[in-house]
2 protein chains.
Amino acid sequence: MTGWVAIAGLGPGRADLVTPEVTAVLAEATDVIGYIPYVARVAPRDGLTLHPTDNRVELDRALHALQLAAKGARVVVVSSGDPGVFAMASAVFEAVEAHPEYLETDIRVLPGITAMLAAAAAAGAPLGHDFCAINLSDNLKPWEMIEHRLRMAARGDFAMAFYNPRSKSRPLGFEKTLDVLREECGPDRLITFARAVSTPDQVLNTVTLGSATPEMADMRTVVIVGNAATRRVGRYVYTPRSAL
Amino acid sequence: MTGWVAIAGLGPGRADLVTPEVTAVLAEATDVIGYIPYVARVAPRDGLTLHPTDNRVELDRALHALQLAAKGARVVVVSSGDPGVFAMASAVFEAVEAHPEYLETDIRVLPGITAMLAAAAAAGAPLGHDFCAINLSDNLKPWEMIEHRLRMAARGDFAMAFYNPRSKSRPLGFEKTLDVLREECGPDRLITFARAVSTPDQVLNTVTLGSATPEMADMRTVVIVGNAATRRVGRYVYTPRSAL
């Protein structure tokens, strides 16, 4: 039996946003590996071993998947959203680079609906023109790099989507982010806080940068900042296709 | 009967990348509106009228959808990929803004797998760190804005994904893009050309900026440029989660 690793995106939460490709690969799997709340979204069945693990052990998890596949297992590493956007795909390739004995492993990445696009769809079309995706967590990069990227994105008049805006261990980062954005974009720029998108807990809140506060975001929130042309129409927020 | 408009993303091409949400809304539709090749992906059936239209008539198409919904039709406006990324969602909201009589129309945006994420998954994980999405078409914005955004994205060390890199009507734009990127990022930066991703015609080609040529892209190609840390591991291209 030849093992493989599929790194699959489960989408933002709702079952009807999981692609048939991912559903099919889960039906073939012998093992599912991932962060506890994501593995909990996979239905248990005979012949399937679930391996839920805690946060911040991405490389251990990736190596475990490669080891199981080498023994013939059909392993699905699950991420929420899309596995290639601030999720497990890069961690698996980092593990392969560190352990070249797995270079010939059959690895596939299966895309999913990433949180920023589900959030944008729920709000209207705030990412309808050029945009950036930025992970605001400073676990793996210094704050100075985050600040530099915020300024470059603002000066390029990109719309922006932020992942991991705020956590208990980083209470000040998002406050600093809002300060940088107000300095670069002014107080009238629209900002949308999209919490738990596509789940029963979904909350959308669009305000101006001038009235945005750090408490509007938490770890389940994706934040979208418009470009200079982003505006409201009725209950929607959208960015026109033309420059202004 | 109350009409509605759903703006739905059909994903990059393969049927198993269409979300169940989109499949379900197509089953309820009375009318499907969109660019000819996208409408061709919807199976005809009794009770469903297909309205394929040519390119560059996005606003007419959007207004048509709103007019049909006002008469009670259940209209799905189809885009490839995700409707909120350089596709029909913004066009529909532009039409609503221009025709406020449609402000109360029931409009939903249904996300899809956008081309850059399908391309990234096929290549490995080149968008695994902060990245930008840029539409290289200058139909709706001046080249100077595109060039400025390319420079800001490069100076922020963002990975980049380009939509609409090249067409017969814009033979020189992508050549200028490559020149700007070589100037900002040097000749060794990795660039991936992903053509017709997820279809039987899929071709992936990763080279360095120094050896990239304009002919490597066409209208069916999504282009991904890595950041300074993007590298190959085996047959994959990936960007590590940490800064360098």
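The values are calculated or read from the model by the stated rules, or taken from the named source; none is laboratory data. Since this is a predicted model, take the numbers as computed values, not measurements. Heads up, the Cβs are rebuilt from the backbone with ideal geometry, glycines too, and the neighbour counts pull from every protein chain shown.
Assorted remarks:
- A residue that is assigned to a loop (DSSP other than H, G, I, E, B), over 17 Å from the mean Cα position of the chain (by Cα), crowded, with 22+ Cβ neighbours inside 10 Å and more than 9 Å from chain A (Cβ to nearest Cβ) can be found somewhere in the range B:8-30.
- Subset of the range B:31-64 [within 20 Å of the chain's Cα centre (by Cα) and among the basic types (Lys, Arg)]: B:41, B:56, B:61
- Filtered residues of the range A:12-34 (kept if touching a helix residue (DSSP H, G or I) at 6+ places or on another chain (Cβ under 7 Å) and within 14 Å of residue B:23 (Cβ to Cβ)): A:16, A:17, A:19, A:20, A:21
- Within the span defined as the range A:59-75, one or more residues are crowded, with 16+ Cβ neighbours inside 10 Å, of a type in the set (Val, Ile, Thr) and more than 10 Å from every other protein chain (Cβ to nearest Cβ).
- Any hit, the range B:35-54, residues being at pLDDT below 95 and either touching an Asp or Glu at 6+ places or on another chain (Cβ under 6 Å) or outside any strand (DSSP E or B) (or both): yes
- Within the range A:156-215, the set of residues being in contact (Cβ under 8 Å) with a residue 60 or more places away in the chain, over 22 Å from residue A:113 (Cα atoms) and either touching a Lys or Arg at 6+ places or on another chain (Cβ under 7 Å) or not acidic (Asp, Glu) (or both) comprises A:190 only.
- Only residues that are within 14 Å of chain B (Cβ to nearest Cβ), among the small types (Gly, Ala, Ser) and in contact with a Phe, Trp or Tyr (Cβ under 7 Å, 6 or more places away or on another chain) were counted in the range A:139-181, giving 2.
- In a residue-by-residue description of the range B:114-136, the property of being within 9 Å of chain A (Cβ to nearest Cβ), closer than 17 Å to residue A:240 by Cβ, touching a residue at least 24 places away in the same chain (Cβ under 8 Å) and of a type in the set (D, E, K, R) applies to no position.
- Residue in the range A:55-63 that is of a type in the set (Asp, Glu), assigned to a loop (DSSP other than H, G, I, E, B) and without any contact (Cβ under 8 Å) to a residue 24 or more places away in the chain present: no
- When the residues of the range A:112-155 are filtered to those that are surrounded by fewer than 24 Cβ atoms within 10 Å (Cβ to Cβ) and under 25 Å from residue B:138 (Cα atoms), the one that is farthest from the chain's Cα centre (by Cα) is A:155.
- When the strands (runs of 3 or more DSSP E) confined to the range A:70-179 are screened for residues that are in the same structural domain as residue A:198 (by TED's automatic domain parsing) and within 25 Å of residue A:232 (Cβ to Cβ), those reaching at least 1 such residues are found at A:131-135, A:159-163.
- Answer residue from the range A:183-209, given it is in contact with a helix residue (DSSP H, G or I) (Cβ under 7 Å, 6 or more places away or on another chain) and in a helix (DSSP H, G or I) and is farthest from residue A:153 (Cα to Cα) among those: A:209
- Restricted to the range B:91-101, and to residues there that are of a type outside the set (Gly, Ala, Ser) and at the interface with chain A (Cβ under 9 Å from one of its Cβ atoms), the residue that is surrounded by the most Cβ atoms within 10 Å (Cβ to Cβ) is B:92.
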